[in-house]
1. Here's a check for you: in the range 195-225, which residue that is touching a residue at least 24 places away in the same chain (Cβ under 8 Å) and not in a strand (DSSP E or B) is surrounded by the fewest Cβ atoms within 10 Å (Cβ to Cβ)?
2. Could you list, ordered by first residue, the pairs with Cβ atoms under 6 Å in which the first is in the range 121-144 and on the phi > 0 side of the Ramachandran plot and in contact (Cβ under 8 Å) with a residue 40 or more places away in the chain and the second is part of a loop (DSSP other than H, G, I, E, B) and surrounded by fewer than 19 Cβ atoms within 10 Å (Cβ to Cβ), at least 6 apart or interchain?
3. Given the conditions (1) assigned to a strand (DSSP E or B); (2) free of Cβ contacts under 8 Å to residues at least 40 places away in the same chain, and given that residue 168 satisfies all but one, which numbered condition is not satisfied?
4. I'd like the full set of residues that are in contact with a helix residue (DSSP H, G or I) (Cβ under 7 Å, 6 or more places away or on another chain) and surrounded by 15 or more Cβ atoms within 10 Å (Cβ to Cβ), limited to the range 175-194.
5. Any residue in the range 122-129 that is modelled with pLDDT of 95 or more, in a strand (DSSP E or B), in contact with a helix residue (DSSP H, G or I) (Cβ under 9 Å, 6 or more places away or on another chain) and closer than 18 Å to residue 51 by Cβ?
6. Given the conditions (1) closer than 25 Å to residue 72 by Cβ; (2) exposed (fewer than 14 other Cβ atoms within 10 Å of the Cβ); (3) touching a strand residue (DSSP E or B) at 6+ places or on another chain (Cβ under 9 Å), which single one is not true for residue 234?
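The values are calculated or read from the model by the stated rules, or taken from the named source; none is laboratory data. Quick caveat: nothing in here was measured; it's all calculated off a predicted structure. Cβ atoms come from the backbone with ideal geometry, glycine included; neighbour counts cover every protein chain shown.
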């Protein structure tokens, strides 16, 4: 992906404040013309099958089963979407990102809404996930994505390397500290009220080791299929309990009748 260089700079997305300079209509129109020159998608396939499934698992479980205690359902989570962090720089395209306290605009076909423009949303994503698929990526080079995500203000950067292509540990986590992303052992992210864990199991008919979201106690954030199965099991347990209670009542009634007592009395 590339961006075209222009002279315009982004308009403020927040409501006008009486103490702040006001943005003219002419300025906004110039900015809109500039945005039309930006390439927001180029249709280049970038994922292998596992990476695509892994990223989908991270996004799907959030939309299916998660709610932030403060922001509720106000978040954007997506895969392989360009994140534009500077006007004169090409975007980065994380395998997955999570941004809290924002919502998608109604018209996602509008040019300024087709990608994640940080200046439009007013904030960077809190969490970015990269899934290592070969030895050629720049996920952890000091002059690569580590620097870019730190400049963006990403608080938590997760690198999942299932095949150990670039390191000895499959899960490497970085936290923003004093303007730099530094390695940490923390798997619970208090800022977003989510944690991560590695889970061996089956997703979309493939058994593998998956990166999963979890709560503070390590309980997985379930997918839609898992939630449906839990509900099915709960309903089946309730049915069996009711059936056992009915059978117990019938046995008691039979004993009463055998003793010459009317159970309906």
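1. My answer is 216.
2. Filtered contacts from the range 121-144: 122/13.
3. All conditions pass for residue 168, except number (1).
4. 176, 181
5. Yes, that holds for at least one residue.
6. (3)
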